[in-house]
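Data first, discussion second: the structure below is written as structure tokens.
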Amino acid sequence: MFVESLKCIECGREYAPNAIVYTCEACGGLLDVTYDYSRLEASQLLEIWSRRPLSVWKYQELLPADSSRKVSLGEGGTGLHRCSRLASKLGVKELYVKNEGENPTGSFKDRGMTIGVTKAVELGAKATACASTGNTSASLAAYSAKAGLPCLVIVPSGKIARGKLVQAVAHGAKVLAIKGSFDDALREVRKLCEKRGLYLLNSVNPFRLEGQKTLAYEVCEQLGRRVPDRIVLPVGNAGNISAIWKGFKELRELGITRETPKMMGVQAEGAAPFAHMILQNLDKLTPLDKPETVASAIRIGAPVNWSKAKAAVVESKGGVTVVSDEEIVDAQRELARLEGLFVEPASAASIAGLVKMLEQGVISRDETIVCVATGHGLKDPDIVVRFYEEPFEVESSRVEEVVGRVLGCG
Ligand SMILES: Cc1ncc(COP(=O)(O)O)c(C=O)c1O
Ligand SMILES: [Zn+2]
């Protein structure tokens, strides 16, 4: 391990890498894990990595947890799918989807949780906790179960997708459903962690984001040590865009790549405080009181990582866009029917955002584009029930009679 410290991104104060601290005690700023990159040699790293399979822990030299004690379910190593049918429909030269639904619990959160829960074990935590729009709780519940740690999750009642809730329950987490929003849940769980010594695993936890940055390393490797022109991804609490940007910056810092991609964040119309801050060129984020969107995973009004994410967009010369719920569901359907990839609505926001940014001329059609599909479509089956055509109900004796009509061939 080459970790140096936990460093406040606002005032620069440093904390020991084994401190249990989530935000700066001096100024409240977010913390970042720093490394001594001078001790890491690119050719040596590439040689070691070439002997390991694609996975989060492949990159253990750039991770802050002890690999000999890892709590792992086989996370990372997800497919980077070339989407030629969708690309040709959109008139785009080279389009890929990084399908994070292929992770053990069906979302990118597993990349972070394997590191975060390993860290919890290293630090001697007695229990883990998080607030969640669904995927974080599903993932934390599974990794806590693997580690033998009790897990508490707080979710906004009635507002998380069914598939995600059942995962948390199945893995034995204690689930508190509160009357309120995700932002209320996060505030409460942060207080609880302070008071009761539970180990907090929301994306404000700097170790968790380190696991998530491995998506950048994988994309680069899967493209044959090439960096795409754009990464397009949904933004909720704004941790993932920050983490992936850090991954690409590290590759450049180490001399493994020369370029970095432009980071493009996509938010849903009714939950877009981050996009509005960027589009209006504001210094600070104004939280939104009642966020609303069909994409429940990104129904967040006060993204905690906004300052890291702002740096990601600005430093990478990226951008943001806002999409409607209808555009999200249309994009989900297109991806499922043209490419065989069934992703949840929040994930489809990346495709919807790409479509919009192509129309606006923000992204040009000859670029190499990677959309991150953050979670599996089965997480939220009710969306399909609500927005898609129903199956034909028919008496078995009438199948022959109606089949032509169903297939649209008379
Ligand atoms: C499927 C999915 N996509 C996107 C996000 C947003 O990620 P972030 O909160 O890191 O911006 C989440 C967060 O819960 C998610 O579950
Ligand atoms: Zn500080």
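Things to note:
- Size descriptor, Kirkwood hydrodynamic radius, that averages inverse alpha-carbon separations across the stretch 310-410, Å: 16.1
- Per-residue [θ]222 nm for the chain (sum of -39500 (n - 2.57) over DSSP H runs n ≥ 4, rounded to 500): -12000 deg cm²/dmol
- Per principal axis, descending, Cα span of the stretch 250-344 in whole Å: 40, 36, 19
- Rg/Rh for the stretch 200-296, where both radii come from Cα atoms and Rh is the Kirkwood radius: 1.01
- Extent of the chain along its three principal axes (Cα atoms, max minus min coordinate, largest first): 72, 46, 45 Å.
- Qualifying lysines (Cα of each under 16 Å from Cα of Lys310; at least 8 residues distant if same chain): Lys246, Lys249, Lys262, Lys284
- Sorting 115-127, 94-106 by average packing, meaning the other beta carbons within 10 Å per residue, from highest down gives 94-106, 115-127.
- One quarter of the surface of the convex hull around the alpha-carbon atoms of the stretch 3-58 equals 4.9 nm², the direction-averaged projected area.
- Rg to Rh quotient for the stretch 148-247, alpha carbon positions, Kirkwood Rh: 1.05
- The phi torsions of the stretch 287-294, fed into the Karplus equation with coefficients 6.51, -1.76 and 1.60 and a -60° offset, translate into couplings of x, 9, 6, 10, x, 9, 6, 5 Hz, rounded to whole numbers, with Gly and Pro shown as x.
- Look at the alpha carbon pairs under 8 Å that are at least 6 residues apart: their mean separation over the length of the chain gives a relative contact order of 16 percent.
- Residues of type aspartates and glutamates that Lys379 reaches as a straight line, Cα spacing below 14 Å, ignoring anything fewer than 8 places off in the same chain: Glu100, Glu102, Glu344
- Residues with amide H under 5 Å from that of Lys262, placed H, sequence gap 5 or more: Arg230, Ile231
- Relative intensity, log₁₀ I(q)/I(0), of the stretch 1-150 from a Debye sum that treats every alpha carbon as a point, q = 0.09, 0.10, 0.12 Å⁻¹: -0.38, -0.46, -0.65
- DSSP-assigned coil residues among chymotrypsin sites (Phe, Trp or Tyr not before Pro) in the stretch 23-85, each with at most 10 further Cβ atoms within 10 Å: none
- Listed residues Ala272, Ala145, Ala302, most fluctuating in the chain (Gaussian network, C-alpha, under 10 Å): Ala145
- Given their separation in residues at 0.36 nm each and the Cα-Cα distance between them, Arg398 and Arg51 gain 119.1 nm when the chain is fully extended.
No lab work stands behind these numbers, since they all come straight from the coordinates. On a predicted model such as this, the values are computed, not experimentally measured, just so you know. In this analysis, Cβ positions are derived from the backbone assuming ideal geometry, glycine residues included, and neighbour counts consider all displayed protein chains.
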